[in-house]
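Everything below concerns the one structure shown next.
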Amino acid sequence: MAEVIWGLATSHVPSIGAAMDRGKTEDASWKDLFDGYAPARAWLAEHRPDVAIVIYNDHANGIDLDVVPTFAIGTSDHYDVADEGFGKRPVPDVVGHPELSLHLLESLVDEGFDLTVFQELDVDHGLTVPLSVWTPDPGEAWPCPVVPILVNVIQYPQPTAARCYALGQALGRAIASFPQDLKVGVLGTGGMSHQLAGARAGFINPEFDAMFMEAVETDPERLTALSRQDYVREAGSEGIEMIMWLVMRGAMRAEVTKVHSHYFVPASNTAAAVALFDNRAPATA
Ligand code: DHB
Ligand code: FE
């Protein structure tokens, strides 16, 4: 039986990846952000999973805006890093886990989540920056194979927070029913508050972010009661990315143990956060 051993929530701001790729993490403007990752990275290095499930969104880099699936899954054994206009990031391509992907797909469809299937997919900063937050120096390969699960957060109507949490709960059951003994890490990506364009460009809401950070650990149902309009109003038009953290949270136990969290404003235009949760059974944790 496969088991979720941890959940990692992190922002995916592209310039976080660029700062790493260009060796700027010790610069004054970046140091506090990267210092805030250190305790999570150290714990994760001691708790390497066999496979990671990354809940993320594409930003019209890997997938054309002509086709915007609400929920989707990659089933490939390999995902190229997308060229977002400045060349590919100098990070490894992503190795997939088709067997687990197909098992999750079947279980989720059986539970009424009719996911779109990608047999080919280039992965953008929404996926690669969270992998870099986890593993700053991957060398030739990321620490383990990845199953990408995509959520539409870029085009109205985004799925509700409640639906994302329910997807996560179904994902947790799907993972538990996989016959192999795999240790699984789940990444919930995006957020926190930010708005990139329009009259409120630059909008950040630390009070809402603090409430969300606390509730995602202790009272996720509170967050599922919020509408997509609530998310856009309180967190900005791109802050709604935070609903992807709820997919991760839904796949975890009711009670999780926070290992570390850190909040930094601003990384580019975004309130950047990391939050790491231990999901192992209390006796083994
Ligand atoms: C920024 C944040 C994002 O979430 C994103 O997808 C692109 C850019 C930013 O703050 O620059
Ligand atoms: Fe984004």
Q) Given the conditions (1) of a type outside the set (Ser, Thr, Tyr); (2) open to solvent by less than 40 Å² (accessible area, probe 1.4 Å); (3) in contact with a helix residue (DSSP H, G or I) (Cβ under 9 Å, 6 or more places away or on another chain), which single one is not true for residue 26? A) (2)
Q.
Checking the structure you have, find out if any residue of the range 49-69 is in contact (Cβ under 8 Å) with a residue 60 or more places away in the chain, more than 14 Å from ligand 2 (Cβ to nearest atom), closer than 30 Å to residue 181 by Cβ and open to solvent by 10 Å² or more (accessible area, probe 1.4 Å).
A. yes
Q: Just give me the residues in the range 190-210 being small (Gly, Ala, Ser), open to solvent by 20 Å² or more (accessible area, probe 1.4 Å) and within 16 Å of ligand 2 (Cβ to nearest atom), in sequence order.
A: 197, 198, 201, 202
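Rundown of residues vs (1) touching a Phe, Trp or Tyr at 6+ places or on another chain (Cβ under 8 Å); (2) part of a helix (DSSP H, G or I); (3) touching a residue at least 60 places away in the same chain (Cβ under 8 Å); (4) more than 16 Å from ligand 1 (Cβ to nearest atom), yes/no style:
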residue: 162; (1), (2), (3), (4): no, yes, yes, yes
residue: 191; (1), (2), (3), (4): yes, no, yes, no
residue: 201; (1), (2), (3), (4): no, no, yes, no
residue: 215; (1), (2), (3), (4): no, yes, no, yes
residue: 226; (1), (2), (3), (4): no, no, yes, yes
residue: 230; (1), (2), (3), (4): no, yes, no, yes
residue: 262; (1), (2), (3), (4): yes, no, yes, yes
Q | Qualifying position, being out of contact with any Asp or Glu (no Cβ under 6 Å at 6 or more places or on another chain) and more than 23 Å from residue 272 (Cβ to Cβ), among 127, 108 | A | 108
Q. How many residues are crowded, with 18+ Cβ neighbours inside 10 Å and closer than 16 Å to residue 215 by Cα if we restrict to the range 250-272?
A. 8
**Q.** Residue count for the range 13-37, restricted to those that are of a type outside the set (A, V, I, L, M, F, W, C), within 16 Å of ligand 1 (Cβ to nearest atom) and without any contact (Cβ under 8 Å) to a residue 24 or more places away in the chain
**A.** 3
Q.
For the range 45-62: of the residues being more than 15 Å from ligand 1 (Cβ to nearest atom) and within 15 Å of the chain's Cα centre (by Cα), which is nearest to residue 121 (Cα to Cα)?
A. 53
Q) Taking residue 145, is it within 30 Å of residue 19 (Cβ to Cβ), touching a Ser or Thr at 6+ places or on another chain (Cβ under 6 Å) and of a type outside the set (Lys, Arg)? A) no
Q: Take the range 248-260 and flag every residue that is touching a Phe, Trp or Tyr at 6+ places or on another chain (Cβ under 8 Å) and either within 16 Å of ligand 2 (Cβ to nearest atom) or under 18 Å from residue 133 (Cα atoms) (or both).
A: 258, 259, 260
Q) If residue 275 satisfies every condition in (1) open to solvent by 40 Å² or more (accessible area, probe 1.4 Å); (2) touching a helix residue (DSSP H, G or I) at 6+ places or on another chain (Cβ under 7 Å) but one, which is the exception? A) (1)
Q.
Return the residues of the range 218-249 that are farther than 19 Å from residue 170 by Cα, among the aliphatic types (A, V, I, L, M) and either out of contact with any Ser or Thr (no Cβ under 6 Å at 6 or more places or on another chain) or surrounded by fewer than 22 Cβ atoms within 10 Å (Cβ to Cβ) (or both); say none if nothing qualifies.
A. 226, 232, 240
Q: Specify the residue that is most open to solvent (accessible area, probe 1.4 Å); the eligible residues are those in the range 132-158 that are of a type in the set (Val, Ile, Thr) and in a loop (DSSP other than H, G, I, E, B).
A: 154
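The values are calculated or read from the model by the stated rules, or taken from the named source; none is laboratory data. All values derive from a computational prediction rather than experimental measurement. Don't worry about glycine lacking a Cβ; one is built from the backbone with ideal geometry, like all the others, and counts go over all protein chains shown. Ligands, DNA and RNA are stripped out before the accessible areas are found, and what is left, the full protein with its side chains, is counted by its heavy atoms. Shrake-Rupley method; radii C 1.70, N 1.55, O 1.52, S 1.80 Å.
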